[in-house]
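Contents: one structure, followed by commentary.
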Amino acid sequence: MIVNKHCRALLFKRLPKHCRQLKYFSSSSSDEYDLVVIGGGSGGLACAKAASQLDKKVAVLDFVTPSTQGTTWGLGGTCVNVGCIPKKLMHHAALLGQAVKDARAYGWNVSDQVQNDWATLSTAVQSHVKSLNWGHRVQLHNKGVEYINGLGSFVDAKTVKVTDQNGKERHLRTKHAVIAVGVKPYIPSEIPGALEYAISSDDLFWLKKSPGKTLMVGASYIALECGGFLNGLGIDTTIMVRSRPLRQFDQQMAGLVADYMESEGTRFLKTCVPVSIDKNREGQLVVKYEDLSNRQIQEEIFDTVMFATGRHAVIKNINLEGIGVKIDEGAQKIIGDHDNDHERTNVPNIYAIGDILHRRPELTPVAIMAGQMLAERLFGGSQLQMNYDLVPTTVFTPLEYGVVGMSEEEATSKYGKDSIEVYHAFYTPLEFVVPQRKASHCYIKAVCFEDRVLGLHLIGPNAGEVIQGFSVALRCGATWSGISRSVGIHPTSAEEVVKLHITKRSGLDPTVTGC
Ligand code: FAD
Ligand code: NDP
């Protein structure tokens, strides 16, 4: 009887647990693996667990190099420790501050002196993060994945060296290796004082004291999200914008997001760049910056300067040159095989997933799905490839911005202005009415070509929740006629999507009135 790889895995799964344990003794040496994953973040953990579920012998290595300010954290990678999770909790804390203000109009007796206590907030966030670190360790143990807290690097394509924090080395022989080392905050070292005095998002979530008056350098996802929640927590916040906020997004939507933040008290220093940072005798940071529009140098004092100027790959220490894995010289990221096996590098048994893979979205669900699908292809007989199109995302700014698909600019350049139809609406979330909150930035647009929805954009409360559902529809091939014939759920903000009917071309007022 011929039994293929997939059937063998299934049969093996049906064996009693004590028989399945035999796999650990079947290899000739305890340091021989089916899969070694370098990097225990979103992608690496997902891939390691999925491979182990297919009864493979798997090790995952994770090592956190401290931030420029010496911050360090536990297992789980960026998302868990210094990304999505602490960010979303702090965003929620800021939204609660707004909700407390709104509550007065709804009859709650709330003092005028509502204040956030940073130490309480950060302790709560950090203790949740630590519980997730522990949860990941338990899961790896329960799923039979060996976790090694050490820095991985290649000796050759089939040997990974692990160095622990005491410098002790171990060599792991493996059939396959997955590189899932993520990326790190980039702070421009040419700006005097930047590396010495500034923090990055890796530090912000672990600060014990409130950052105080803060300058955020950069104007993309991280700067706007962190700047947004700091301002919402009552902290004096300035965002320094080099070119435009959210430059890689639909520019009409980006403009609305930033305008709303400005109207809520976040200060924007437009077309400015930092020149130097120094510390004064009081321990505050003196920032010199240049206004690029008139070349003038100005100076201002802040308590904290945070750089959110992008995230770069740090791969020098894993010896990719030594084993011949091709990288993009500019991005320093690993080049995957775009035509056949998306996550495979040019070295046949070595793969890359997550943020370190060149030209792929830097998002947690992308890293997780790519990792799981790769494990299923390597060990489960699957042939399915990760689909990187129509990946939804949300910028968790005070008014969230959720999007799936193309911007209006992308659609115009691909199909021509006259061929696309843009349906749009300014709407008022019902919950804004009683406290008389300004709703002039709550906006939706659907970018369509013939009956295809190319892009859907929404600014408003819970935009992430709304766009998640619509992204499934788009993935399943939703058409504009299908969406506009769907029945809404009343009263919600999401129903405004299925009620869209005014085109930009018509020039009619897109403000939704009535119920
Ligand atoms: P990572 O999660 O970065 O994991 C890589 C791991 O490998 C790290 O633990 C690293 O220390 C370790 N490592 C590196 N080199 C080695 C080595 N040589 N040996 C051993 N270990 C090594 N995404 C979203 O989808 N939604 C969000 O809301 C969101 N918010 C974010 C907010 C912030 C502030 C940031 C910074 C990111 C956010 N992201 C968000 C992006 C998301 O965190 C990343 O896309 C995701 O974590 C990438 O996963 P990864 O597995 O590629 O890498
Ligand atoms: P980005 O690369 O998206 O943006 C970098 C920002 O810094 C830009 O505004 C850029 O300006 C500016 N900048 C770069 N260099 C300088 C400099 N020398 N001086 C002044 N300004 C500078 O990086 P982020 O760090 O915001 O985000 C990284 C990735 O993390 C995102 O692409 C995203 O995938 C992921 N992420 C996802 C989140 C989510 O899902 N909600 C949240 C946070 C991060 P300019 O435009 O002029 O180049």
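Whole number in Å², please: accessible area per residue of the chain, 1.4 Å probe, ligands, DNA and RNA not counted. Each step should come with its number before you reach the end.
On the way: 24780 Å² over 515 residues.
For the chain, the per-residue accessible area is 48 Å².
Remind me, relative contact order of segment 318-442 in percent, using alpha carbon pairs under 8 angstrom and six or more residues apart?
Numbers: 121 pairs, mean separation 14.3, N = 125.
Computed value for segment 318-442: 11 percent relative contact order.
If you plug each phi of segment 475-488 into the Karplus form 6.51 cos²θ - 1.76 cosθ + 1.60 with θ = phi - 60°, what whole-Hz ³J(HN,Hα) values come out, in order, with x for Gly and Pro?
4, 8, x, 3, 9, 4, 5, x, 5, 6, 9, 7, 7, x
Considering only protein heavy atoms and a probe of 1.4 Å, how much of the accessible area of segment 408-481 is carbon and sulfur, as a whole percent? Don't jump to the answer; show the numbers that get you there.
Working: 1760 of 3380 Å².
Answer for segment 408-481: carbon and sulfur cover 52 percent of the accessible area.
If amide H atoms are built 1.01 Å from N in the plane of the peptide, which residues on other chains or at least 5 residues away come under 5 Å of the amide H of residue 268?
239
When only alpha-carbon atoms count, how far does segment 194-308 stretch along each of its three principal axes, as whole angstroms with the largest first?
43, 35, 22
Using 0.36 nm per residue, how much length does the chain from residue 300 to residue 247 gain when fully extended, once their Cα-Cα distance is taken away?
In short, 16.5 nm is gained.
Quick check: Cα centre of segment 408-487 to Cα centre of segment 347-391, how many Å?
Comparing the Cα centres of segment 408-487 and segment 347-391, I get a distance of 28 Å.
How large is the convex hull of the Cα atoms of segment 52-173 per residue, expressed in Å³ as a whole number? Before the final figure, lay out each step's value.
Details: hull volume 19.5 nm³, N = 122.
Given the Cα convex hull of segment 52-173, per-residue volume reads 160 Å³.
Leaving out ligands, DNA and RNA, and with a 1.4 Å probe, what % of the accessible surface on segment 101-250 is carbon or sulfur?
On the way: 3790 of 7450 Å².
Answer for segment 101-250: carbon and sulfur cover 51 percent of the accessible area.
Along the Cα-to-Cβ line of residue 390, 7 Å from the Cα, sits a label point; which residues in segment 410-446 have backbone N less than 20 Å from it?
Taking a point 7 Å out along Cα→Cβ of residue 390, the residues of segment 410-446 whose backbone N falls under 20 Å are 410-412, 414-415, 420-423, 445-446.
Please sort by residue number the GluC sites (Glu not before Pro) in segment 277-306 whose DSSP state is loop and whose Cβ has at most 14 other Cβ atoms within 10 Å. Please report the intermediate quantities before stating the final value.
Numbers: sites: 282, 290, 299, 300; in loops: 282.
Passing both the DSSP loop test and the Cβ count: 282.
Residue 141 to residue 166: extension gain in nm, 0.36 nm per residue of separation minus the Cα-Cα distance? Don't skip to the end; give the middle numbers.
Details: separation 25, 0.36 × 25 = 9.00 nm, distance 2.32 nm.
Contour length minus Cα-Cα distance gives 6.7 nm.
The chain: longest stretch without exposed trypsin sites (Lys or Arg not before Pro) (DSSP loop, at most 12 other Cβ within 10 Å), sites themselves excluded? Provide the component values of the computation, followed by the final result.
Numbers: sites that count: 168, 208, 209, 247, 281, 295, 359, 417, 438, 485, 505.
No qualifying site falls inside 1-167, the longest such stretch.
Can you work out the FRET efficiency for the pair residue 328 and residue 440, with r the C-beta to C-beta distance and R0 = 41 Å, to the nearest 0.05? It would help to have the intermediate numbers written out before the result.
Numbers: r = 42 Å, r/R0 = 1.03.
For R0 = 41 Å, the calculated efficiency reads 0.45.
For the chain, what are the per-bin percents of Cα-Cα distances with bins 20 Å wide, up to the bin holding the maximum?
Using 20 Å bins, I get a P(r) of 20, 49, 28, 2, 0 for the chain.
Expressed in whole Å with the largest first, what are the equivalent ellipsoid semi-axes of segment 393-501 derived from the C-alpha gyration tensor as the square root of 5 times each eigenvalue?
Values: eigenvalues 109, 45, 33 Å².
Equivalent ellipsoid of segment 393-501: 23, 15, 13 Å, largest first.
For segment 50-59, in order, what is each residue's ³J(HN,Hα) by Karplus, 6.51 cos²θ - 1.76 cosθ + 1.60 with θ = phi - 60°, in whole Hz (x at glycine and Pro)?
3J(HN,Hα) across segment 50-59, in whole Hz: 5, 5, 5, 4, 8, 6, 9, 8, 10, 10.
So what is the relative contact order for the chain, in percent, with contacts set as C-alpha pairs under 8 Å and at least six apart?
On the way: 1021 pairs, mean separation 75.9, N = 515.
Normalised by residue count, the contact order of the chain is 15 percent.
Amide H of residue 33 versus every other amide H placed in the peptide plane: which residues, excluding those fewer than 5 positions away on the same chain, fall under 5 Å?
For residue 33, whose amide H was placed from the backbone, the distant partners under 5 Å are 173, 174, 175.
Starting from the amide H of residue 305, placed 1.01 Å from N in the peptide plane, find each other amide H under 5 Å away whose residue is 5 or more places distant or on another chain.
199, 215
Could you work out Rg/(2.2 N^0.38 Å) for segment 78-121, with Rg from alpha carbons only? List each step's numbers first, then the result.
Working: Rg = 13.2 Å, N = 44, 2.2 N^0.38 = 9.3 Å.
Taking the Cα Rg and dividing by 2.2 N^0.38 Å, one obtains 1.43.
For the pairs 57/158; 49/161; 161/184; 143/168; 445/499; 88/143, note any where the Cα-Cα span goes beyond 18 Å. Intermediate values should be presented prior to the final figure.
Details: 57/158 15 Å; 49/161 21 Å; 161/184 22 Å; 143/168 26 Å; 445/499 11 Å; 88/143 28 Å.
Beyond 18 Å between Cα atoms: 49/161; 161/184; 143/168; 88/143.
Expressed as a rounded percentage, what relative contact order does segment 277-351 have, with Cα pairs under 8 Å and six or more residues apart? Show your work: numbers first, answer last.
On the way: 79 pairs, mean separation 12.1, N = 75.
Once divided by the residue count of segment 277-351, the mean separation gives 16 percent.
The values are calculated or read from the model by the stated rules, or taken from the named source; none is laboratory data. Just so it is clear, the structure is predicted and the values come from calculations on it, not from any experiment. As a convention, Cβ positions derive from the backbone with ideal geometry for all residues, glycine included, and neighbour counts pool all protein chains shown. The accessibility values were calculated without ligands, DNA or RNA, using every heavy atom of the protein model including side chains. Shrake-Rupley method; radii C 1.70, N 1.55, O 1.52, S 1.80 Å.
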